[in-house]
Amino acid sequence: MKVLIIGSGGREHVLAWKISRSPRVDKIYCAPGNAGIAQLAECVPIGAMEFDRLAAFAKENKIDLTVVGMDDPLVGGIVDVFEAQGLRVFGPRANAAILEGSKAFSKDLMKKYNIPTAAYENFDDPASAVKYLETEAKFPIVLKADGLALGKGVLICEDLAQAKEGVKEIMEDRKFGSAGARLVIEEFLTGREVSVLSFVDGKTVKTMSSAQDHKRAGDGDTGLNTGGMGNFSPSPFYTPEIADYCMKHIFQPTVDAMAQEGREFHGVIFFGLMLTADGPKVLEYNARFGDPEAQVVLPRMDADIIDVFEACIDGTLDQIDLKFRDNACVCVVLASDGYPVHYEKGFEITGLEAFEGREDYFAFHAGTAFRDGKIVTNGGRVLGITATGDTLKEARRKAYEAVEWVRFENRYFRHDIGKAIDEA
Ligand code: AMP
Ligand code: GLY
């Protein structure tokens, strides 16, 4: 088989790695890819939003399966474009990717189908949002831009003044662009967060092993929200009892609700959950693998991922034996200092050869490029240094050991990824 991956981050690198392990696959392409993906795939310089060029490439090169990693093309309808041309593609159509593309949509869906989530209101104009804040809100409170905002469109506001400023930033200044045309204001929840990724074939849902992300930029969960600074899998707090509850009250009901609404979901649903004192609640849905969740979950997966992708497309997921190893995995993101706001790029990265030939250490490339024969930094998140181990503690020790193998100017990382492991 020939497989095309769409995207250019650490998630797409681990996807390329996992796909490369399928005996069914002869050749992998990635558009646009990065310097790490280039070791496993032929990178094609076509942007992830250039749907017509991507589809033409897939036709010309007789691609058997296209796998879309990123949210923007999914929400923008890349799957519909490919399907209309008879191309096989893994991912939700636009009418299902809206589960991630509109937070107002997903909140209304959860309300309608009694899926546990934070109480909320949706707003189309800033004046009514401010009025609500002045009259009915309890603080702290959470403001969410409706649309896609690279995981950064969520503001937690301690008081009325901050919340009013937040409404202005999101809806008037359009800090997150058109994502801020609508606003969700929701109840602040407390508890442990857990990410559960799942494969979905329109009716059946099979979960992958759980993970816990670290979204804030700084140690001790300080600083701005980022795309994710590192994580670990499995979450020791996501017990089999909680998993059963979630399957019954959250996962299957979500998949059924989407089908009921005429929006049959095929692909990956990523459930962002908060384990509150009142039980697990949905913080957010994503319509794709998480980044860096994929980096800690896929190295632990035993099944041939091509079989799973095809089962999701064909509606035969019930026949797949989805197994995860009884081990653990930790990923520490090496970022450019200043991420997620302002940072410089183009610094040479050294030390990557230390990962070669090892089965339990990975340097998944997020933002890297080639320049003059060297690998250089090319993004806010640069590398996901990842290690597997028999236990979470061992995986964490190995991941931080490997962090020291890699050097580049302005290297920045969190020192406390997996701190929660000690509380388990
Ligand atoms: P989201 O993009 O919706 O996952 O939000 C990003 C992060 O904001 C989450 O991972 C949580 O840490 C936090 N967050 C989102 N919604 C809430 C909420 N209702 N209560 C508390 N924290 C939240
Ligand atoms: N790591 C969070 C996300 O992929 O949205």
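The values are calculated or read from the model by the stated rules, or taken from the named source; none is laboratory data. Remember, predicted model here, so these are calculated numbers, not experimental data. When we count neighbours, we look across all protein chains shown, and the Cβ atoms used for this are built from the backbone with ideal geometry, even at glycine. These area figures cover heavy atoms from the full protein model, side chains too; ligands, DNA and RNA do not enter into them. Shrake-Rupley method; radii C 1.70, N 1.55, O 1.52, S 1.80 Å.
The three principal axes of the C-alpha atoms in the chain carry coordinate ranges of 60, 46, 42 Å, sorted with the longest axis first.
The Cα atoms of the range 221-298 define a convex hull whose projected area, averaged across directions, is 6.4 nm².
Going by average Cβ density within 10 Å per residue, which order do the peptides 104-112, 236-244, 64-72 take, highest to lowest?
Ranking the peptides 104-112, 236-244, 64-72 by packing returns 64-72, 104-112, 236-244.
Considering only the Cα atoms of the range 186-259, their convex hull presents on average a projected area of 6.2 nm². With a Förster radius of 25 Å applied to the C-beta separation of ARG53 and LYS27, the computed FRET efficiency comes to 0.85.
Compared with the direct C-alpha span, the chain from ASP159 to ASP219 gains 19.2 nm at full extension, assuming 0.36 nm per residue.
Accessible area of the range 261-398 with a 1.4 Å probe: how many percent of it is carbon plus sulfur? The computed percentage sits at 42. If every alpha-carbon in the range 321-365 counts as one equal scatterer, what log10 I(q)/I(0) does Debye give at q = 0.15 1/Å? The Cα Debye sum returns log10 ratios of -0.63.
Report, as a whole number in µm² per second, the diffusion coefficient that Stokes-Einstein gives for the range 344-424 at 10 °C and 1.306 mPa s using the Kirkwood radius over alpha carbon pairs. It comes out at roughly 117 µm²/s.
In plain terms, the chain from GLN319 to GLU394 could stretch by 23.6 nm, reckoned as 0.36 nm per residue minus the Cα-Cα distance. Here is how the number arises for the chain: DSSP H runs of 4 or more residues each give -39500 (n - 2.57), the sum is divided by the residue count, and the result at 222 nm is -7500 deg cm²/dmol.
Could you tell me what fraction of 2.2 N^0.38 Å the Cα radius of gyration of the range 163-203 comes to, as a two-decimal ratio? Each step should come with its number before you reach the end.
Values: Rg = 15.6 Å, N = 41, 2.2 N^0.38 = 9.0 Å.
Against the compact-globule rule of thumb, the ratio is 1.73.
Computed over every Cα-Cα pair of the range 278-410 and binned at 5 Å starting from 0, the pair-distance distribution P(r) comes out as 2, 9, 15, 17, 17, 15, 12, 8, 4, 1, 0, 0 percent.
Averaging over every viewing direction, what projected area does the convex hull of the Cα atoms of the range 262-335 cover, in nm²?
Details: hull surface 29.9 nm².
Value for the range 262-335: 7.5 nm².
What the pair-distance distribution of the range 49-205 shows, using all Cα-Cα distances binned every 5 Å from zero, is 2, 8, 15, 18, 16, 13, 10, 8, 5, 3, 1, 0 percent. For the range 1-123, the Stokes-Einstein estimate of translational diffusion at 4 °C and a viscosity of 1.567 mPa s comes to 84 µm²/s, using the Kirkwood hydrodynamic radius over alpha-carbon pairs.
Tell me, what are the semi-axes, in whole angstrom and largest first, of the equivalent ellipsoid of the range 195-352 as set by the roots of 5 times the Cα gyration tensor eigenvalues? Before the final figure, lay out the partial values.
Numbers: eigenvalues 172, 71, 50 Å².
Semi-axes, largest first: 29, 19, 16 Å.
The simple spin-label model puts a point 7 Å past each Cα toward its Cβ; for GLU83 and LYS168 those points are separated by 4.4 nm.
Test of the criteria: in the range 138-182, which GluC sites (Glu not before Pro) are in a DSSP loop and have at most 15 other Cβ atoms within 10 angstrom of their Cβ? Present the calculation step by step, with values, prior to reporting the outcome.
Working: sites: GLU158, GLU165, GLU169, GLU172; in loops: GLU158.
Loop-located and lightly packed - GLU158.
Along the charge dipole of the chain, Cβ charges K/R +1 and D/E -1, which of ALA96, GLY384, ALA41 sits furthest on the positive end? Farthest towards the positive end: ALA41. Paramagnetic label reach from PHE139 (point 7 Å along Cα→Cβ; backbone nitrogen cut-off under 11 Å): within the range 161-192, residues 161-165.
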